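Taking it in order: structure first as structure tokens, then the write-up.
The values are calculated or read from the model by the stated rules, or taken from the named source; none is laboratory data. Predicted model only: the values in this text are computed from it and were never measured. Positions of Cβ are backbone-derived with ideal geometry, glycine not excepted, and every protein chain shown enters the neighbour counts. Accessible surface areas use protein heavy atoms only, side chains included; no ligands, DNA or RNA. Shrake-Rupley method; radii C 1.70, N 1.55, O 1.52, S 1.80 Å.
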Amino acid sequence: MNPANFFKIKLLWDKFTVNHPKFPRFLQAAAQASLGTGDVVEVKITKASGDTIASNIRLTEEDLELFQEMKDMVMR
């Protein structure tokens, strides 16, 4: 990744966390949860109009491996 792009994303993330302080705490709690094979992760979006869209996935071993690699990258 281009270092300039990384810096830009970092600045935008910092603004985002100021505007939405509960969301990073949610992500931390989710990262610390003991997710396992067969657990379900769901995402739901509710538009200002009231329309919603939602999706979910049942976690596999491969998903858990991906999450672990992502956590390891963040911790480096």
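Observations, loosely collected:
- Test for G50: is it of a type in the set (G, A, S), open to solvent by less than 90 Å² (accessible area, probe 1.4 Å) and modelled with pLDDT of 95 or more: yes
- Within region 58-70, being touching a residue at least 12 places away in the same chain (Cβ under 8 Å) and open to solvent by 80 Å² or more (accessible area, probe 1.4 Å) holds for R58, E61.
- The lone exception for F16 - which of (1) modelled with pLDDT of 95 or more; (2) open to solvent by 100 Å² or more (accessible area, probe 1.4 Å) it fails: (2)
- Qualifying residue in region 31-46 (condition: free of Cβ contacts under 8 Å to residues at least 24 places away in the same chain, at positive phi and exposed (fewer than 10 other Cβ atoms within 10 Å of the Cβ)): yes
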